[in-house]
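In what follows, a structure is listed as structure tokens, so that the remarks can point back to it.
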Amino acid sequence: MTVAELDLDLDVFAGPFDLLMAVVLREEVSLLEVELGEIVVAYVEHLEREEELELDVATEFLVLIASLLELKSRLLLPGEEEALEDVSPEEAVEELVARLLEYRRYRDAAATLERRFEAARGYLYRSAPLPPDLRKVALDAATAVYDPERLGAALGDLLAVPPELNLDHIRPTVSLEKRLRALRDALRGRSSIDFDEQFGGEDRLTQAVTLFALLDLYRKGEATWEQSEPFGPIEIRKREMPA
């Protein structure tokens with residue numbers, strides 16, 4: 001429930017809170033006759049019944065009550081420069097609206113700061129203060145922590161160009177698609193080829209992937225092979241695809 005929907009039962013008024021604000025600003029009910037304490041009690045009783053506190057609604061209620069208290073205090077103790085009787089209802093409405101808008105700006109700013117805080121929560125850190133004995137120390141009184149030669153050698157190692165990386169231990173990547181193209185190119189224009197003559201100079205990984213590619217060609221009906229004896233030469237024959 002919003003503040004405007006708060007039901008009030010006062011000696012001089014009964015109804016929702018927003019209606020009370022309207023009749024007070026139109027001077028249909030004198031603010032001096034309104035017991036603002038009873039309004040606060042009614043709101044607290046409402047919170048106890050609901051057992052739930054909405055910070056936005058409670059803040060809006062506090063701003064409105066504070067504004068009414070200030071206006072009523074000016075009525076009771078008018079100053080020398082300005083009296084509340086000289087303030088028109090329109091000016092009073094504008095003053096309340098201005099204060100509500102100012103409250104809204106601060107509320108939105110607080111919400112923005114809270115979102116930024118939550119977004120940067122993982123990057124927050126605690127900074128330790130400088131030790132008292134180092135806050136006011138002259139450069140001449142500073143003592144060396146590291147040996148100058150050792151520090152110079154460490155900086156020299158950081159400035160030195162690192163040696164070029166040796167990538168000989170990394171095997172080249174062999175793809176099945178490339179070996180399929182190699183087999184088809186080798187069989188193009190020929191009826192058969194010898195596996196060792198064609199691919200014997202390749203490394204073992206490339207030869208193994210080429211055998212997988214040969215199995216794929218056999219599955220697709222593009223090629224077959226023949227090996228007369230174990231570990232003997234492999235003859236790859238091209239198959240004619242049906243028209």
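No value in this document is a laboratory result; all are computed from the given coordinates. Every value quoted in this text rests on a predicted model; they were computed, and no experiment measured them. Methodologically, a virtual Cβ is constructed for each residue, glycine included, from the backbone with ideal geometry; neighbour enumeration extends over all protein chains shown.
Here are some notes:
- Per-residue packing, averaged as other Cβ atoms within 10 Å, sorts the ranges 42-48, 155-161, 68-74 into the order 68-74, 42-48, 155-161, beginning with the highest.
- The largest-to-smallest principal axis extents of the Cα set in the range 176-238 are 25, 23, 21 Å.
- Taking amide H atoms as placed 1.01 Å from N in the peptide plane, the amide H of Trp225 lies under 5 Å from those of Arg237, each 5 or more residues away in sequence or on another chain.
- The range 176-238 - percent relative contact order, Cα under 8 Å, separation 6 or more: 41 percent
- Ranked packing of 200-211, 105-116, 13-24, most packed first, by mean Cβ within 10 Å: 13-24, 200-211, 105-116
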